[in-house]
Amino acid sequence: MQLHGHTIAVCSWSLQPAGMGDLVSKVNELGLQHVQLALGDLVMLDDKRKHQELGHLRAAKIQFTGGMIAFAGEDYSTIDAIRRTGGFVPDDSWPLRLRIARQAAALAEELGMKHVMTHVGFVPPVKDARHGVIVDRVRQVASILAEHKLDLLMETGQEPAHELLTFLSDLKSPNVHINFDPANMILYGAGDPIEAVKLLSKHIRHVHAKDATASSKPGTEWGSEVPFGTGQVNAARFLGALKEAGYAGPLSIEREAGNQRMTDMHTAIETIRSNGK
């Protein structure tokens, strides 16, 4: 599906599929052909089972806007919990997560993807002693992906846009870019997503269509995720800001809360249809 110059996709994990056959069925029901695919569960399968699961995607001619890696042990119960457990920050999880990233990169290349997205974790401030540690770890992951001709996309939200811009400058890794998620800016209390688009525009390679409302204690307590078009992102302004920034890439609908995922997906599609220009 193409709307207003954008390929419309869905994040596979948002549909909570029982397997790739179920994913194909739900994507077809939405009238879509493109998916941002969660790679973590697939890389853990044995070769026979993985071949069977990927066979569903290939038979249906599903196309990919990219891949995604999440990790067991990431605790999203509170902002403080994910600050401690997310991405490449925890020392005890780093070797395993690096290995999973390597396996995911190989699978992404096999599937013809151009980039893989992940939350790298909360980046310590420049003056923090661990800042250099996280810079080095992200560089290692970026280097592995580069071997497979892939870009690494960091997702927005955990840091304000200006801090993320500084981190990208410190990395000096030409294949590291941004997956822009406007709702995360609100959920984490990290700033105005419209202003962030303007600041980060040249680094944006993929976008999530996702919405949220802010908490009464931004940055300390979670906001609430809501269907795209029903929260504080302001879909019309957001899509307009992307257009002004020159972004013409995919919009991948993400929904990680609620029990009416398919209904919420249809809401998001209609929001994009109605508000794009």
Selected residue (only one of Asp75, Asp47 is over 17 Å from the mean Cα position of the chain (by Cα) and of a type outside the set (Phe, Trp, Tyr)) | Asp47
Test: Gly55 is surrounded by fewer than 19 Cβ atoms within 10 Å (Cβ to Cβ) and out of contact with any His (no Cβ under 9 Å at 6 or more places or on another chain) | yes
Residue that is nearest to Lys217 (Cα to Cα) [pool: residues in the range 84-110 that are without any contact (Cβ under 8 Å) to a residue 40 or more places away in the chain and surrounded by 15 or more Cβ atoms within 10 Å (Cβ to Cβ)] = Thr85
How many residues, within the range 202-219, are surrounded by fewer than 23 Cβ atoms within 10 Å (Cβ to Cβ) and under 19 Å from His119 (Cα atoms)?
-> 4
Out of all the residues in the range 177-186, is one or more crowded, with 24+ Cβ neighbours inside 10 Å and among the charged types (D, E, K, R)?
-> yes
Looking at Lys26, Lys61, which one is out of contact with any Gly (no Cβ under 7 Å at 6 or more places or on another chain) and either assigned to a helix (DSSP H, G or I) or at negative phi (or both)?
-> Lys26
Taking the stated definitions as given, is Pro174 within 27 Å of Gly246 (Cα to Cα), surrounded by fewer than 23 Cβ atoms within 10 Å (Cβ to Cβ) and either at pLDDT 95 or above or touching an Asp or Glu at 6+ places or on another chain (Cβ under 8 Å) (or both)?
-> yes
Do we have Ile186 as aliphatic (A, V, I, L, M) and in contact with a strand residue (DSSP E or B) (Cβ under 9 Å, 6 or more places away or on another chain) here?
-> yes
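The values are calculated or read from the model by the stated rules, or taken from the named source; none is laboratory data. Given the structure is predicted, the values throughout are model-derived calculations rather than measurements. Don't worry about glycine lacking a Cβ; one is built from the backbone with ideal geometry, like all the others, and counts go over all protein chains shown.
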